[in-house]
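Asks: Pasting a structure below so you can have a look.
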Amino acid sequence: KAGVTQTPRYLIKTRGQQVTLSCSPISGHRSVSWYQQTPGQGLQFLFEYFSETQRNKGNFPGRFSGRQFSNSRSEMNVSTLELGDSALYLCASSSDGHRSGNTIYFGEGSWLTVV
Amino acid sequence: AQKVTQAQTEISVVEKEDVTLDCVYETRDTTYYLFWYKQPPSGELVFLIRRNSFDEQNEISGRYSWNFQKSTSSFNFTITASQVVDSAVYFCAPREVIFGTGTLLAVQP
């Protein structure tokens, strides 16, 4: 069974640009969550999508957005990049999230560097 | 409000020592799950264990053991006879939206 796949793995962007990250969940999983991980802030929840609907949202500015497609694949977008957006972005998939006792499975992440 | 605390930011041990990682989850919920994840240097978080609030039995799996005490909201994780490959950041998480700040475990040879 294939795991969670994130692309691209590494990317470098310039301040002011925008970036789109992609996540393919485990087959059959309908919940996809996104996280930002930085040395100073730890693992911060961005948002969760379930069956194409945003079900939860963390405390991030509107520059961070996401969507989920009918095949459960998800994308997140960050517009007007700032230096502080440099981080590891992790995607996780599950049947229905922790609330139902389901384990969430993480991808390897996308390392974003903003210069 | 719900709060998960991993008070230990970094722990350093020598190989073969036992080490315990602490996690405290404060909540008014009477039923909940708690998860532990391991993040090696490669970056991918790996699921270790799930426990529910009804099950306070300690569990042992190989070198890993877990001690859950609902009365103190603590969910601790012990590695027996640590190995260098155990070096990683360990996170506890009651929900997908709340992760602890993580404990960096360094096992020295």
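What follows draws every value from the coordinates through simple rules; no lab data is involved. These figures come from a predicted structure and were not determined experimentally. We place every Cβ from the backbone using ideal geometry, glycine too, and count neighbours over all the protein chains shown.
Asks: For the stretch A:4-28, give me each residue that is of a type outside the set (S, T, N, Q) and under 15 Å from the mean Cα position of the chain (by Cα).
Replies: Of everything in the stretch A:4-28, those that are of a type outside the set (S, T, N, Q) and under 15 Å from the mean Cα position of the chain (by Cα) turn out to be A:4, A:8, A:9, A:10, A:11, A:19, A:21, A:23, A:25, A:26.
Asks: Go through the stretch A:6-58 and give me each residue that's within 18 Å of residue A:108 (Cα to Cα) and part of a loop (DSSP other than H, G, I, E, B).
Replies: Hits for the stretch A:6-58 are A:8, A:9, A:25, A:26, A:27, A:29, A:39.
Yes/no matrix, rows are residues, columns are (1) within 11 Å of chain B (Cβ to nearest Cβ); (2) more than 16 Å from residue B:99 (Cβ to Cβ); (3) touching a residue at least 12 places away in the same chain (Cβ under 8 Å):
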{"site": "A:35", "(1), (2), (3)": "yes, no, yes"}
{"site": "A:45", "(1), (2), (3)": "yes, no, yes"}
{"site": "A:51", "(1), (2), (3)": "no, yes, yes"}
{"site": "A:61", "(1), (2), (3)": "no, yes, no"}
{"site": "A:85", "(1), (2), (3)": "no, yes, yes"}
{"site": "A:103", "(1), (2), (3)": "yes, no, no"}
{"site": "A:108", "(1), (2), (3)": "yes, yes, yes"}
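Asks: Filter the stretch B:64-103 down to residues that are assigned to a loop (DSSP other than H, G, I, E, B) and either more than 14 Å from chain A (Cβ to nearest Cβ) or under 20 Å from residue A:102 (Cα atoms) (or both), then give me how many there are.
Replies: Going through the stretch B:64-103 one residue at a time, the tally reaches 11.
Asks: Quick test for you: out of B:65, B:53, pick the one residue that is more than 30 Å from residue A:87 (Cα to Cα), touching a strand residue (DSSP E or B) at 6+ places or on another chain (Cβ under 7 Å) and crowded, with 16+ Cβ neighbours inside 10 Å.
Replies: When all the criteria are applied, what remains is B:65.
Asks: Would you mention how many residues in the stretch B:6-50 are surrounded by 14 or more Cβ atoms within 10 Å (Cβ to Cβ), within 11 Å of another protein chain (Cβ to nearest Cβ) and not in a strand (DSSP E or B)?
Replies: Selection size over the stretch B:6-50: 5.
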